[in-house]
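Participant: Got a structure here, written out as C-alpha cells. Questions coming.
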Amino acid sequence: MAGCEIRESLGTCNWQKANDIVRQWEAAGHTGEEKKQGLPSIEEGCEKFILDAQARGLKEATLYKYRLLFRQLQTFAQNKGIRFFEQLSIEVLREFRESWCNRNVAARKKLESLKSFLRFTHDNGWITNNPAAKMKPPKITGRPTMPYTREEFAAVLSACDRYPRKLNAVRLRALVLLLRYSGLRIRDGVTLARDRIIDGKLFLYTAKTETPVFCPQPPFVLASLDLIPPTSKYFFWTGYSKPKSAVGDWQRALKCLFRLAGVPTRHAHRFRDTFAVELLLAGVPIERVSILLGHQSVRITEKHYAPWVKARQEQLEADVRRTWEEPDTKGTPEVHARTSYVN
C-alpha cells in the first residue's frame, strides 16, 4: 500500500473518524477492499432484497415503495462514490434522509423501510452492524381524523349528476357510495370483483379463525353497482392495466368531482373515516369497528379514531343529562316530616 495513491470515499464527514480509518488501513496494509471481495454492491443487494420480498409474497404496492427507495439510495451512493454497504455509516444515512422530500407519516414509513432493508443486509453478513437502527424517527404533527359531514357527502353525491361524462358519473356515484358504506380503501374499492358481493353483503376478507368477514350493503348501494355495465369481472377496473394506474385514474376523477361539489379538504380516504366514525357514534364497540376495517390490531383503530371514541362517550353523557328532571317533592310526607323536624 506504501506509495500508492488511493481515491475512495470514507463514508463520513468527521475528520477525526476519517483519520482513524486511514490509520487502520496503514496498520493493516490494505484498504479493506480485499474483505469486500465477494460481497454484493449496494445495487446488487437491492436486487437480492426485491427477490426475497417477492418470495415472501409482499404486495406489489409495497415492492413499488421499496424500488423507489432503492433508486434514490443508489443515485445518492453513486454521487458520493459509495459502492458497498460498509460505507453507509449513520452520518451518511442521515445525509441521505435530508435529501428526502417526504414529511410526517411518509417520512416515518420510508425510514422503517430503510431500516428493514439494512437489517436484511446485516442478517446476510454484508455489514457488521445496522447503522439505521440508531436513527430516530421524525416527529409527526398528526391531524385528527375528519369524516365528511352529512352536508358534504350530500354535496358530493349531488355533484355526480353534474359530472361531464354520463357513464363515468354512474360509476363515480357507485364508487362514492361503496367507499362510504363499506369502509374500503380506494385501491380495494377500485379493484373490487363482482363476485365479492354475495346476497347483498360485501365479502371483506377471511379472518385468522378462517371465518369470512362480511359487511352488509344498503339496497341503494347495491342498486348503484347494478347500473354499471358488466364489461369485466370488476366493477371499476378492466383488469388489464396495473392496479396503481387504475387507482390514479379514479383519484383524478374524484378530485374533479370534489371540485364540483365545493368540498375543501378532499381525498378518498375520508369516506373510510366517515364509515368508521359513524359506526362509533352509533355505539358500535371499537373492537367490532376494527374488524370491519381489517386492522391487524385494535390498537391501530384506537390510534386513528380514539378522539371519536371520546366523542361517542360525550354523546352518551349528553343523552343521559337530557333525561334529568328535578323531582317535584313538595307536599310529600317525607319532606313534610323533615321540614317539621327542622322547625
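Taken together, the values in this text are just the output of simple stated rules run on the coordinates, not laboratory data. This structure is a prediction, so every number in the text was calculated from the model and none was measured. Note that we place each Cβ from the backbone using ideal geometry, even for glycine, and neighbour counts take in every protein chain shown.
Participant: May I have the convex hull volume per residue, in Å³, for the Cα set of region 150-321?
Facilitator: 141
Participant: Now for a separate question. R0 = 41 Å: FRET efficiency of residue 158 with residue 108, Cβ-based, nearest 0.05? Before the final figure, lay out each step's value.
Facilitator: Numbers: r = 38 Å, r/R0 = 0.92.
My answer for the efficiency is 0.60.
Participant: Label points 7 Å out from Cα along the Cβ direction at residue 140 and residue 269: separation in nm?
Facilitator: Between residue 140 and residue 269, the simple spin-label model gives 0.9 nm.
Participant: In what order do 82, 50 fall by count of nearby beta-carbon atoms within 10 Å, going from fewest to most?
Facilitator: 50, 82
Participant: For residue 287 and residue 119, FRET efficiency with R0 = 35 Å and r from the beta-carbon atoms, rounded to 0.05?
Facilitator: The computed FRET efficiency comes out at 0.60.
Participant: Which order results if 88, 222, 316 are arranged by neighbouring Cβ count within 10 Å, fewest first?
Facilitator: So the residues, fewest neighbours to most, are 316, 222, 88.
Participant: For residue 97 and residue 310, what is the calculated FRET efficiency with R₀ set at 41 Å and r taken between the beta-carbons, to the nearest 0.05?
Facilitator: Step by step, r from the Cβ atoms, then E = 0.70.
Participant: Give me the net charge for the shell around residue 99: Cβ to Cβ below 15 angstrom, other residues only, Lys and Arg +1, Asp and Glu -1.
Facilitator: Net of charged neighbours comes to +3.
Participant: Fewest Cβ neighbours within 10 Å first, please rank 289, 263 accordingly. Before the final figure, lay out the partial values.
Facilitator: On the way: 289 24, 263 19.
Going from sparsest to densest Cβ surroundings: 263, 289.
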